[in-house]
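**Q** Sharing a structure below in structure tokens format, with a few things to ask.
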Amino acid sequence: MDFDDERPQQQVTGVVIITLPPSDNPSFGKTITAFTLTNDVLPQSLTTQEPDQVLPTTRVVSSPPPSSQSPQLGFSFSGFFSENPRKLLGFLGVSLFALLLYSSCFSSTFVELKNSNDNDDDDKPESFIFPLYHKLGAADLELKLGRFVDVVDKENLVVSINGGAMETKMVNKLVAANSIVMDSSATILPVRGNVYPDGLYFTYMLLGNPQRRYFLDIDTGSDLTWIQCDAPCSSCAKGANPLYKPTKVNIVASGDSMCMEVQKNQKPQICETCQQCDYEIEYADRSSSLGVLAKDKLHLVTPNGSITNLDVVFGCAYDQQGILLNTLSKTDGILGLSKAKVSLPSQLASKGIINNVVGHCLATDVASGGYMFLGDDFVPNWGMSWVPMLGSPLIEFYHTQLVKINYGSSSLSLGAKDSDKARVVFDSGSSYTYFTKQSYAELVSSLSEVSELGFIQDASDPTLPVCWRAPFPIRTIMDVKKYFKTLTLQFGSKWWIISKKFHIPPEGYLIISKGGNACLGILDGSNVHDGSTFILGDISLRGQLVVYDNEKQKIGWGPSGCGKPSRFKSLPFFEG
């Protein structure tokens, strides 16, 4: 038959194959198989569609044609398992066990994030992502663990900023529960920062009307978020941005529920004329911040681009003391991320904006700070290690129980009051990690074995208490990593198999000083907090996605490169 050349030709995008039964055995029935074709299955020379033309994906609609092999040689999984149900169950069980075993051994490969299809539900709490930034030029050792404090019988001049007039009045500082400070002897917004030489990681927020940007240190060890403000300011650093300027309507009254929360541990006092809520925070590094509570619009951008504006309470800080002033040269304040009611995540959760979950991922790569998020949309469904939070009505830190610690294969004493267990605080506001006195001494003693490899302790290096000069030039931690061992913190149980372990490789406790030495970024914590608590600071939290789930009262971690977070569809039978 001749075809008309003028006739428009149609491109074949589908094929249907109908296989009829043999004439001598019609009981076989007929088989219908359908295929759709895409650009991928055509030779490149035959691909002529326009760039915006989309061909259907290739897929088999029905079962493939029957095998030409004889019944004696053919093998059918469905037939095999239908005749052997026990083998089917055994096969599924073995497959599931293998999958779980593989995921536990290679958890970084199987860190699955929750499905984002739930975004269609308007009533579902949102999640917000913040980028982290490097704190360039601030080489200070910071130890936050900020608490509201009260110094008995000490009067302090506090500025009254109500109405803009500069007045003074006498107030007492706020009481801190079990607060022991150091003795004299952490919208897709990234996080930036490093441990050395910069000190901390920070992010930014948009606040006020009109909105203005403020850089804030991320601090899981502090309750209140505060910003340096012009109240007027009696002791403020230059900061990264102009000082926040409150108005009369921004000032939180002393009878406000948030003020009562901040002052809940303050000694009873009557102040019928107070028009503002004063506070003072003292940090474990002996820095402090004094100010009043303010309320203004916080502008948050969801991952899908929508904007949420809501009122939040924060500190309007006009008097800072200590090394805090040095670090404020690059930032404007502190982002309080603890589980206290006054913290930012708790405020957002109380309004139904998010579920009360905080997560951060501090990158080890100095070119990338990492990210932080509020809400649970970016919490991995699996591939994480989880331990319960220790509950205390007086302590809002994120802490859990430690049962054992090893340097390589050598066990270190916990050095706590109860020798069988100790507490560990996860604190993104501290630059370095702190061990108890006894555990620190044993660690330094164990590390002295590097002297046999030619490392010499250099007391002339003031960077940190313990520094070693190597028998060769050091450029990065990778140059000396193989000479040091991994620290392992063990949680939950002393049985190694069923316990949860937090691994700290050499790059998680060493820094290279400006003098080219390898220095120990773990310090003696005998004069920090209560002296019997381990504190995991930024140096040891890097390269880990750390999640604080206040809804389920648990802390989790998993290895991560801390790049831009993304969502993956999890396996349906692992959905929580």
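**Q** Which residues in the range 349-379 place their backbone N less than 20 Å from a point set 7 Å from the Cα of Met260 along the Cα-to-Cβ direction?
**A** Within reach of a label on Met260: 349-352.
**Q** Got a sec? Charge dipole of the range 188-362, +1 on Cβ for Lys and Arg, -1 for Asp and Glu; which of Ala231, Asn356, Thr327 is way out at the positive end?
**A** Positive-end residue among those listed: Asn356.
**Q** For the range 381-558, rounded, prolate or oblate, judged on the Cα gyration tensor with a ≥ b ≥ c (square roots of eigenvalues), a/c < 1.5 rounded, else prolate if a/b > b/c?
**A** Working: a/c = 1.83, a/b = 1.72, b/c = 1.06.
Taking the square roots of the gyration eigenvalues as a ≥ b ≥ c, the range 381-558 is prolate.
**Q** Cα-Cα over 29 Å: which of Lys245/Lys351; Lys238/Lys351; Lys330/Lys554?
**A** On the way: Lys245/Lys351 26 Å; Lys238/Lys351 34 Å; Lys330/Lys554 33 Å.
Checking Cα-Cα distances, Lys238/Lys351; Lys330/Lys554 exceed 29 Å.
**Q** Let me ask something additional. Between the DSSP loop rule and a limit of at most 13 other Cβ atoms within 10 Å, which chymotrypsin sites (Phe, Trp or Tyr not before Pro) in the range 423-482 are left? Each step should come with its number before you reach the end.
**A** Values: sites: Phe426, Tyr432, Tyr434, Phe435, Tyr440, Phe455, Trp468; in loops: Tyr432, Phe455.
Answer in residue order: no site qualifies.
**Q** Of Gly556, Val450, Asn527, which is farthest towards the positive pole of the range 429-576's charge dipole, taken about the Cα centre with +1 and -1 on the beta-carbons of Lys, Arg and Asp, Glu respectively?
**A** My answer, from the dipole projection, is Gly556.
**Q** Largest first and to the nearest Å, give the Cα extent of the range 296-420 along each principal axis.
**A** Its Cα atoms span 52, 42, 39 Å along the three principal axes.
**Q** Between their Cα atoms, which of Lys421/Lys482; Lys481/Lys514; Lys341/Lys421; Lys437/Lys482; Lys297/Lys552 are more than 24 Å away from each other? Walk me through the numbers on the way to the answer.
**A** Working: Lys421/Lys482 30 Å; Lys481/Lys514 18 Å; Lys341/Lys421 29 Å; Lys437/Lys482 26 Å; Lys297/Lys552 29 Å.
As for pairs spanning more than 24 Å Cα to Cα, those are Lys421/Lys482; Lys341/Lys421; Lys437/Lys482; Lys297/Lys552.
**Q** Let me ask something else about it. Starting from 0.36 nm per residue, how many nanometres of slack lie between Gln275 and Glu551 once their C-alpha separation is accounted for? Show your work: numbers first, answer last.
**A** Values: separation 276, 0.36 × 276 = 99.36 nm, distance 3.47 nm.
Between Gln275 and Glu551, full extension yields an extra 95.9 nm.
**Q** Shifting gears a bit: Regarding the range 188-362, what's the average projected area of the Cα-atom convex hull, expressed in nm²?
**A** One quarter of the hull surface, i.e. the mean projection, equals 10.5 nm².
**Q** Let me ask you something else. How far apart, in nanometres, would the label points at Arg286 and Trp495 be if each is projected 7 angstrom from Cα along the Cα-to-Cβ direction?
**A** With each label placed 7 Å out from Cα toward Cβ, I get 4.8 nm.
**Q** Go ahead and run the numbers for FRET between Ser234 and Thr486, Cβ-Cβ distance against an R0 of 56 Å, rounding to 0.05.
**A** Working: r = 48 Å, r/R0 = 0.85.
It comes to 0.75.
Only the coordinates and a few stated rules stand behind these numbers; no lab work does. Given the structure is predicted, the values throughout are model-derived calculations rather than measurements. Quick reminder, even Gly has a Cβ in these numbers, built from the backbone with ideal geometry, and neighbours come from all protein chains shown.
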